[in-house]
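The numbers here are math on the coordinates, done by the rules we state, and not lab data. These numbers were taken from a predicted model, which means no experiment stands behind them. With ideal geometry, Cβ positions are generated from the backbone for all residues, glycine too; neighbour counts draw on all protein chains shown.
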2 protein chains.
Amino acid sequence: MRSHALDQQLGCEIFFKCEQLQVTGSFKFRGASHAVSLLEKSCKGVATHSSGNHGAALARAADHHGLSAEVVMPESAVRFKVDAVRRNGGTVHFCEATQQAREDGLRAWVEQGYEAIPPYDDDRIIAGQGSCALELIEQVPDLDVIIAPVGGGGLIAGTALAAARSKGRILVLGAEPAGADDTARSLAAGRRVDRHHPLTIADGLRALVGERNLKLMQRFGVEVITVDEERILDAMGQVWTLLKQVVEPSGAIALAALIRAVAEEPDRWKGRRVGLILSGGNLDVDPLINTYRPAASEQ
Amino acid sequence: MRSHALDQQLGCEIFFKCEQLQVTGSFKFRGASHAVSLLEKSCKGVATHSSGNHGAALARAADHHGLSAEVVMPESAVRFKVDAVRRNGGTVHFCEATQQAREDGLRAWVEQGYEAIPPYDDDRIIAGQGSCALELIEQVPDLDVIIAPVGGGGLIAGTALAAARSKGRILVLGAEPAGADDTARSLAAGRRVDRHHPLTIADGLRALVGERNLKLMQRFGVEVITVDEERILDAMGQVWTLLKQVVEPSGAIALAALIRAVAEEPDRWKGRRVGLILSGGNLDVDPLINTYRPAASEQ
């Protein structure tokens, strides 16, 4: 998708890759379906723990391959995400809302012979997520830059791989919430940081970056732009208003990063061809719809 | 656009025509650009009064043809809609928020030689809006039904004309808010009703149906399904959630009408191929974005 208004405003040519329109509403289906497609025919089923988009994507991918998907979710998971896993054919197993309980819950399924498919720190997943940038590069010749969100690092690592194998020289930048900047700090420190207390509305980007994801980013020289919460919300509003696309906060962060980068170095960006990955559009719209209800009764 | 989930839920095949992605974010650009394209080269400029999507669409259409657009708007018009007219190249002239002041304001421009382009009760506009259904019929063979929103009646009249000239037999149904059911009452009475006190969140559908619009609906046997406010909001939520498309309340009403119709007569709709016109996506997203701000500061 394009937006003439945003091109004018930012002085570059922007190409949006719309993963909110992907199966299950986020790029996560790419990695999940790739991982599932590599399983042995004898596989009993797949399992994961998830409180987000990966669970629903894995459920759908398993369903496509005639496999069951067991998704361990914390009791605290929001109704909306639980429904998404079920709508896509997965079976939800609640556990206590601790990392330990989630891992124990998953282990029980693995011990029964189910294949664990982790959300990002996995070569099959990274390769699958890379198909998003591969498509973008095919669809848009002569891209100068691709910006993708950074959470656990599956999408950004796959993007870096895809850009590295393309003919042109495409700069890959990550976009990370300032309140969950573990990747920026890890890149600066040269190793994965321990301290990580994510504080951001971009719930898809709260995970600590994975080990192999960080290594791929280091290998391909990916840099990260951090953005504050206000900029993320502003970018989300721009995508809703100008593209008429429902994206979640995590989904809009690549645009937020570009807006920050252009504000700081307008000349560097002038006339550049920039690919932005809108990574997903899964949010609970009920609170938004409710903003209309008082008006409905008053009028 | 399609939605497997909605097809399953309603038992028919639904084809969404996405006018929220049209230039200026609604179908209104179709009629406006058609009307402007028919003007004499000597035309000094165009003028209208509008508090909605027509003003912005006319401004953009005039701009495409190198003409100025003078848009008379009530002082009470929301900031969002004023901005849309200006963003699309129109000049806004505020007047008192009365029908008389709006008409007086417009007359002043017409007396100076500007061409008045009304929003719906106009053959050029109706023909232009009809191009939406023409495209839908070309894109989707063997449609059984098309459902379109009814406000002033430009879109529904154009849709009826387009369906009448198609090879198949396509039923055309209008979708109207129960709180602004002047068209349903007019069709029942056999003449345009006088009493009209619209009470609906679907701000694009508050106008009293136009004379020629009503005549075309009568001529082609268009029937109207009315829907209450809750159903409109529910349908809007479904479009946001399942299609990831930002539609305004008026834009979602065709789906709301289908949901009501299927609930009442499921057998009649089983397996039908139904075209739904999502008429626009212009809404002020700030209140929606603000629902995220408390979360942003708390976390």
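Tabulated results
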| read-out | value |
| --- | --- |
| Cβ-defined net charge surrounding A:LEU288, 14 Å radius [Lys, Arg +1; Asp, Glu -1] | -4 |
| Candidates B:LEU208, B:LEU67, B:LEU38, ranked by Gaussian network fluctuation over chain B, Cα under 10 Å, top entry | B:LEU38 |
| Cubic angstrom per residue, convex hull over Cα atoms of the stretch A:196-287 | 128 Å³ |
| Proportion of all alpha-carbon pairs of the stretch A:225-273 beyond 15 Å (%) | 43 percent |
| B:GLU223 paired with B:ARG79, simple spin-label distance in nm, labels 7 Å along Cα-to-beta-carbon | 4.6 nm |
| Taking B:VAL71, A:VAL274, A:VAL262 and counting other C-beta atoms within 10 Å, the order from fewest to most | A:VAL262, A:VAL274, B:VAL71 |
| Chain A Cβ-axis minimum, rotational copy B, residue and distance in Å | A:LEU288, 2 |
| Fraction of antiparallel bridges per DSSP, chain A only, in percent to nearest 5 | 5 percent |
| Footprinting exposure proxy for B:GLU115, B:GLU211, A:GLU40, B:GLU264 (fewest neighbouring C-beta atoms within 10 Å first) | A:GLU40, B:GLU264, B:GLU211, B:GLU115 |
| Förster-model FRET efficiency, 30 Å R0, B:GLU96 and B:HIS65, C-beta, rounded to 0.05 | 0.50 |
| Bins of 10 Å from zero: percent of alpha-carbon pairs in the stretch B:106-211 | 15, 38, 32, 14, 2 |
| Span from the the stretch A:168-183 Cα centroid across to the the stretch B:220-299 one, whole angstrom | 36 Å |
| Zero-based 10 Å bins, Cα pair distances in the protein assembly as shown, whole percents | 3, 16, 25, 24, 18, 10, 4, 0, 0 |
| Longest site-free stretch - chain A; sites: trypsin sites (Lys or Arg not before Pro), DSSP loop, at most 15 other Cβ within 10 Å | A:45-164 |
| Percent of Cα-Cα distances greater than 36 Å, calculated over chain A | 15 percent |
| For chain A: relative contact order, % (alpha-carbon pairs under 8 angstrom, 6 or more apart) | 22 percent |
| For B:SER3, residues with placed amide H under 5 Å, excluding near neighbours | B:ILE14 |
| Exercise: per-residue mean of other protein chain Cβ atoms within 10 Å, A:279-287 | 3 |
| Over 25 Å (Cα to Cα) - which of A:LYS167/A:LYS244; A:LYS270/B:LYS17; B:LYS215/B:LYS244; A:LYS167/B:LYS244; B:LYS167/B:LYS270 fall in this group | A:LYS167/A:LYS244; A:LYS270/B:LYS17; B:LYS215/B:LYS244; A:LYS167/B:LYS244 |
| Computed E for A:GLU40/A:LYS270 - FRET, C-beta separation, R0 41 angstrom, nearest 0.05 | 0.20 |
| Cα gyration tensor, the stretch A:28-116 - rounded (a/c under 1.5), prolate or oblate | oblate |
| Estimated FRET transfer efficiency (B:ALA263, B:LYS167; beta-carbon r; R0 30 Å; 0.05) | 0.45 |
| Ellipticity estimate at 222 nm from DSSP helix runs (n ≥ 4, -39,500 (n - 2.57)) divided over the protein assembly as shown, nearest 500 | -13500 deg cm²/dmol |
| Shielding of A:232-243 by partner chains, average beta-carbon count, 10 Å | 4 |
